[in-house]
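What follows is a short report on a single structure.
The values are calculated or read from the model by the stated rules, or taken from the named source; none is laboratory data. This one's a predicted model, so the numbers in the text were calculated from it and none came from an experiment. Ideal geometry is used to build each Cβ from the backbone, glycine not excepted, and the neighbour counts take in all protein chains shown. Side chains are part of the model used for accessible areas, which takes the heavy atoms of the whole protein and leaves out ligands, DNA and RNA. Shrake-Rupley method; radii C 1.70, N 1.55, O 1.52, S 1.80 Å.
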Amino acid sequence: MAADKPSRRQLILEALASELEQNPGSRITTASLGKAVGVSEAALYRHFASKAKMFEGLIDFAEESVFARVNQILKEQSQVEPRCAQLLYLILAFSERNPGITRVLLGDALVGETERLMVRVGQFFDRVETQLKQILREAEMRREIVLSANSTVAANLMTGFVEGLMHQYLRSRFRISPLQQWDEQWRLLSTALFSAPDSSI
């Protein structure tokens, strides 16, 4: 059975993500985007009321892709360290596969755009941090782990770690994968954050 043909909206978003990837550091105009899609600027606006709405479409895609998988991880994995590791790995893998959307999530592509978009991407990372905090607090309540810092600090550190690797990926013009040194980086981070509870207590 043939796959469904992508909608014009989807094609526009894919073209926008591709333009963002191929032109790092540059602003994307509706004229260049229309040329990439093969339609007029007027045709773009028939599907999206503004360029901001196009960026919101990419943010929506990122949220839906990442957090649907986060929910799956939480169902499949019950232990705290693998949960955190898989969640962070998921975000970095999404970033690696979607360089153009990485520019959006980090705000690089949003310079000169409406402030509302910066608030939206801030909410994406806030949601990541809140989810990590919840994972850590539940593990502490079950006495599964002892944290070297409180759950708020630990969740913030892990979120900042992910954002930092995404920024390095962007700064390298997408040449250096954010997962390049993942195994050793996670080993160091998890060793610093987690320890087993004292079984003698």
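Numerical summary
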read-out: Cα→Cβ-extended label distance, 7 Å offset, between residue 152 and residue 97, nm; value: 3.5
read-out: Two-decimal Rg/Rh across region 130-201, once Rg and the Kirkwood Rh are taken from alpha-carbon atoms; value: 1.08
read-out: Rounded accessible area per residue of the chain, 1.4 Å, Å²; value: 55
read-out: Efficiency of FRET from Cβ geometry, residue 123 and residue 167, R₀ 25 Å, rounded to 0.05; value: 0.85
read-out: Per residue, the convex hull volume that the Cα atoms of the chain enclose (Å³); value: 140
read-out: Pairs of lysines in region 1-78 (C-alpha under 26 Å apart; 8 or more residues apart or interchain); value: 5
read-out: Estimated distance in nm for a label pair at residue 45 and residue 7, the labels positioned 7 Å out from Cα along Cα-to-Cβ; value: 2.1
read-out: In sequence order, calculated HN-Hα J values of region 87-102 (Karplus, 6.51, -1.76, 1.60; Hz; x Gly/Pro); value: 5, 5, 4, 4, 5, 5, 5, 4, 4, 4, 6, 10, x, x, 5, 4
read-out: Cα centroid separation, region 1-65 to region 107-161 (Å); value: 28
read-out: Computed helical MRE - 222 nm, the chain, DSSP H runs ≥ 4 contributing -39500 (n - 2.57), nearest 500; value: -23000 deg cm²/dmol
read-out: Relative contact order of the chain, pairs being alpha-carbon contacts under 8 Å that are 6 or more residues apart, as %; value: 22
read-out: Carbon/sulfur fraction of accessible area - region 15-170, other protein chains in place, 1.4 Å, %; value: 48
read-out: Projected label distance in nm at residue 182 and residue 130, using a 7 Å step from Cα toward the beta-carbon; value: 2.6
